Amino acid sequence: TRDDDGVIERVRGRVVTGGRVVVGEVVLDDGTVVEVRGLDEESLGPDADRWVVPAFVDVQINGSDGIDLATEPHRIAELAALLPAEGTGAFLPTVVTGPAAVREAAIAAVGAVDIGPGAAVPLGLHLEGPLLSFDRRGAHRVEHLQLPVTCDTSGWTRANGVAMVTLAPELPGALDVVRLLVADGVVVSIGHTDATAEQVVEAVDAGASAVTHLFNAMRPFGHRDPGPIGVALTDDRLTVGLICDGVHVDPRAVALVWRAVGPERLQLVTDAVAARGIVDAPDGVRLADGTLAGSTIALDRALANLVDWTGASVPEAVRTVTSTPARLLGRSDVGVIEPGSRAGVVVLDGAGRRSPTR
């Protein structure tokens, strides 16, 4: 319901926040949570069959609906306006490997972005590259890849608007860059990598705390050579990103990851690209040679897939798109429903679905 002044909202249901469930009502003022009130379940009526959860947090999204942040970083506000339609209230605009001028433009754009009412909140940039493995570059253009030992990363700080950097830790100078980035408040994620397990552990010891789209664009798992996947599934210091679309990762592999890491360490991402919302691509967006180049899934659909493929409860699954990514980023104002949290709420049915979905 909405009051006559158009500001105060009251949303009732089973309220999920931080792994706990409160039967009650969330009071919001222009998207910011004012209060969570406990209520008698009988007083909810039909609202007792629905879940009220924090708006989602997507730490890896490259674009959507014709918006490509790799070439048009100035369109962050346009992307922010689209994301609430899939339940996303906060995100990291993600810029893949490209010329240095594009990264500089993206840093300037995220610092100056002016989002409209009701739009998702940009939490800083995710630079996915250029410090990536040549052999595991995926769709990243080889001519723009760089080595950490020669790349100027001096402006990649949280203060400048860079929240996350994906890199390959086996590259020359990578561990020094990890330490510098972490000291400047940036989350370092391991991805597009041919690193051995030992090299990944060295990066984690240096401060890396996440893995980018597990299984994709990385050294495969072997029982004598577990690589990044083996470390991701067994090292409690790592938060594991996963594209839960059934294309990038088979549903059985999703179930395996869920059993290994659970809601505390799993975060779902879309890795969505500009083609989403425009192109029907059930097998994923691909280059001419068949290389996967991003997804067209939305975060609400990824969440529903996780519930279907793993048997996870809705409160557990919701953590993978709310409190877990928020904690990785060190944010207490998104991914939860507590007084002061500012990204809004999402209403799901009893099975964890919302409408519309993509």
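The values are calculated or read from the model by the stated rules, or taken from the named source; none is laboratory data. Here the structure is a predicted model, which means the values were calculated and not measured. Cβ coordinates were reconstructed from backbone atoms using ideal geometry, including for glycine residues, and neighbour counts include every protein chain displayed. Ligands, DNA and RNA are stripped out before the accessible areas are found, and what is left, the full protein with its side chains, is counted by its heavy atoms. Shrake-Rupley method; radii C 1.70, N 1.55, O 1.52, S 1.80 Å.
In contact with a helix residue (DSSP H, G or I) (Cβ under 9 Å, 6 or more places away or on another chain), modelled with pLDDT of 90 or more and not in a loop (DSSP other than H, G, I, E, B): which single residue out of Arg331, Arg327, Arg353 fits that description?
Arg327
Any residue that is under 18 Å from the mean Cα position of the chain (by Cα), within 24 Å of Leu69 (Cβ to Cβ) and of a type in the set (Ser, Thr, Tyr) - is there at least one of those in segment 274-297?
Yes - at least one qualifying residue is present in segment 274-297.
I'd like the full set of residues that are open to solvent by 90 Å² or more (accessible area, probe 1.4 Å) and either assigned to a strand (DSSP E or B) or not small (Gly, Ala, Ser) (or both), limited to segment 265-292. Walk me through how you get there before you give the answer.
Here is the first cut: in segment 265-292, the residues open to solvent by 90 Å² or more (accessible area, probe 1.4 Å) are 278, 280, 282-283, 286, 288-289.
Across segment 265-292, the qualifying residues are Ile278, Asp280, Pro282, Asp283, Arg286, Asp289.
Please enumerate the residues belonging to segment 205-242 that are open to solvent by 20 Å² or more (accessible area, probe 1.4 Å), in contact (Cβ under 8 Å) with a residue 40 or more places away in the chain and farther than 17 Å from Asp194 by Cα.
Passing the criteria: only Ser209.
Name, by its number, the condition in (1) touching a residue at least 24 places away in the same chain (Cβ under 8 Å); (2) part of a helix (DSSP H, G or I); (3) open to solvent by 20 Å² or more (accessible area, probe 1.4 Å) that does not hold for Gly340.
The single condition Gly340 does not satisfy is (2).
When you scan segment 1-86 for strands (runs of 3 or more DSSP E) that lie fully inside it, which ones turn up with 1 or more residues that are open to solvent by 30 Å² or more (accessible area, probe 1.4 Å)?
Filter on segment 1-86 gives 8-17, 20-29, 32-38.
Can you go through Val204, Val178 and tell me which one is assigned to a helix (DSSP H, G or I) and in contact with a strand residue (DSSP E or B) (Cβ under 6 Å, 6 or more places away or on another chain)? Before the answer, list the steps.
Working: Val204 fails: in contact with a strand residue (DSSP E or B) (Cβ under 6 Å, 6 or more places away or on another chain).
Exactly one residue qualifies, and that residue is Val178.
Every residue in segment 95-122 that is touching a residue at least 60 places away in the same chain (Cβ under 8 Å) and either within 12 Å of Gln60 (Cβ to Cβ) or in a strand (DSSP E or B) (or both), please.
Hit for segment 95-122 is Val121, nothing else.
Given the options Leu180, Leu145, name the one that is over 25 Å from His248 (Cβ atoms), over 21 Å from the mean Cα position of the chain (by Cα) and either open to solvent by 50 Å² or more (accessible area, probe 1.4 Å) or touching a residue at least 40 places away in the same chain (Cβ under 8 Å) (or both).
Leu180
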